[in-house]
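Engineer: Just passing along the structure, written as structure tokens.
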Amino acid sequence: MMDKKILKQAQQLQAKMLKAQEELGKATVEASAGGGVVKVVMTGHQEVTSIKIAPEVVNAEDVELLEDMILAALREATQKSKALVESTMGSLTGGLKIPGM
């Protein structure tokens, strides 16, 4: 009897985790750099869905500054996305660290 109950609980947790993974793929976070002149949108699966660059920041004389702002926005978006994953999956696993999640 106990084994069937545990198996059922494991199946329910797996179903909830799959649903959470699906929702994370649809959820987005936004990050910006340079006071908002560079914006990056990323999903909970760390996929970049858009990068917006304000025209006034595009300067052929200072491409390096633009590259740095894009990198900064990407790093921030990645951190926000990972935090979203941790909070979403952590609520399901009770804080247990499950490899690959």
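The values are calculated or read from the model by the stated rules, or taken from the named source; none is laboratory data. It should be emphasised that the depicted structure is a prediction, and the values quoted were computed from it without experimental measurement. Glycine also receives a Cβ, built like all others from the backbone with ideal geometry; neighbour counts cover every protein chain displayed.
Engineer: Quick one: what pairs do we get from the stretch 42-56, first residue more than 10 Å from L84 (Cβ to Cβ) and in contact (Cβ under 8 Å) with a residue 12 or more places away in the chain, second of a type outside the set (V, I, T) and outside any helix (DSSP H, G or I), C-beta under 7 Å, 6+ apart or different chains?
Structural biologist: Between residues of the stretch 42-56 that are more than 10 Å from L84 (Cβ to Cβ) and in contact (Cβ under 8 Å) with a residue 12 or more places away in the chain and residues that are of a type outside the set (V, I, T) and outside any helix (DSSP H, G or I), the close pairs are V48/M42; T49/M42; K52/K39.
Engineer: Pairs, please: C-beta under 9 Å, at least 6 apart or cross-chain, first residue closer than 17 Å to S81 by Cβ and in the stretch 8-26, second small (G, A, S) and part of a helix (DSSP H, G or I)?
Structural biologist: Short answer, once both residue conditions are applied: A20/S91; L24/S81.
Engineer: Within the stretch 45-72, count every residue that is outside any strand (DSSP E or B) and closer than 11 Å to V29 by Cα.
Structural biologist: 3
Engineer: If you scan the stretch 47-72, which residues turn out to be charged (D, E, K, R) and either surrounded by 12 or more Cβ atoms within 10 Å (Cβ to Cβ) or in contact with a Leu (Cβ under 6 Å, 6 or more places away or on another chain) (or both)?
Structural biologist: K52, D68
Engineer: Another one. Regarding the stretch 20-28, can at least one residue be identified that is hydrophobic (A, V, I, L, M, F, W, C), modelled with pLDDT of 90 or more and part of a loop (DSSP other than H, G, I, E, B)?
Structural biologist: yes
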